[in-house]
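Beneath this line is the structure, given in structure tokens, with notes to follow.
The values are calculated or read from the model by the stated rules, or taken from the named source; none is laboratory data. This structure is a prediction, so every number in the text was calculated from the model and none was measured. As a convention, Cβ positions derive from the backbone with ideal geometry for all residues, glycine included, and neighbour counts pool all protein chains shown.
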Amino acid sequence: MADEAQIVYEYVNGSDISIKSNDLRIDPQRKHVQITVRPDGNIYVDDPGIVQRIFTGTGVITGANANTLHDVQVASITFDGTYPRIKKIYWTGATTETNIPVSGHFVFSDYGNAFWGVAFTLTEYTT
């Protein structure tokens, strides 16, 4: 992974918050893969090709952004396959991922002086 990644989380059209993270982790999961070993010893794999990525990490944000994220996550969000989403991920200056619909889970820790630590889990929305 990159030394530092910047995740731009867009919760509604035109409204986003950036989180810089030194420990971004992306966990791709193959959903619904079934491996069957038949009595004859042959192995059969049924894979519908559904992949879901789970983005986790931590970062530091300002109190205003923490307040906005808190209000947005507590308020009703309509998961429609478009928003909320990861608008962009910058890998040390380069953009490699864009427009990934996600469901977000955030945990905040007060660092004082209007700074907050945020731990996030963003789960890719799949159909």
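Here Glu124 passes the criteria (1) within 14 Å of Ala5 (Cα to Cα); (2) surrounded by 12 or more Cβ atoms within 10 Å (Cβ to Cβ) except the one numbered (1). Screening the candidates Ala64, Ala2 for the property of being outside any strand (DSSP E or B) and either surrounded by 13 or more Cβ atoms within 10 Å (Cβ to Cβ) or at pLDDT below 85 (or both) yields one hit, Ala2. Within the stretch 27-53, residues that are more than 30 Å from Val102 (Cβ to Cβ) have Cβ atoms under 7 Å from residues that are among the charged types (D, E, K, R) and part of a loop (DSSP other than H, G, I, E, B) in these pairs: Tyr44/Arg38, counting only partners at least 6 apart in sequence or on another chain. In this structure, is Tyr125 in contact with a Ser or Thr (Cβ under 9 Å, 6 or more places away or on another chain), modelled with pLDDT under 90 and among the aromatic types (Phe, Trp, Tyr)? Answer is yes for this residue. Among the residues of the stretch 69-123, those that are of a type in the set (A, V, I, L, M, F, W, C) and not in a strand (DSSP E or B) comprise Leu69, Val72, Val74, Ala75, Ile77, Phe79, Ala114. With respect to the conditions (1) free of Cβ contacts under 8 Å to residues at least 60 places away in the same chain; (2) outside any strand (DSSP E or B), Thr126 falls short on a single one, namely (1). Scanning the stretch 24-44 for any residue that is surrounded by 11 or more Cβ atoms within 10 Å (Cβ to Cβ), of a type outside the set (Gly, Ala, Ser), assigned to a strand (DSSP E or B) and touching a helix residue (DSSP H, G or I) at 6+ places or on another chain (Cβ under 8 Å) turns up nothing.
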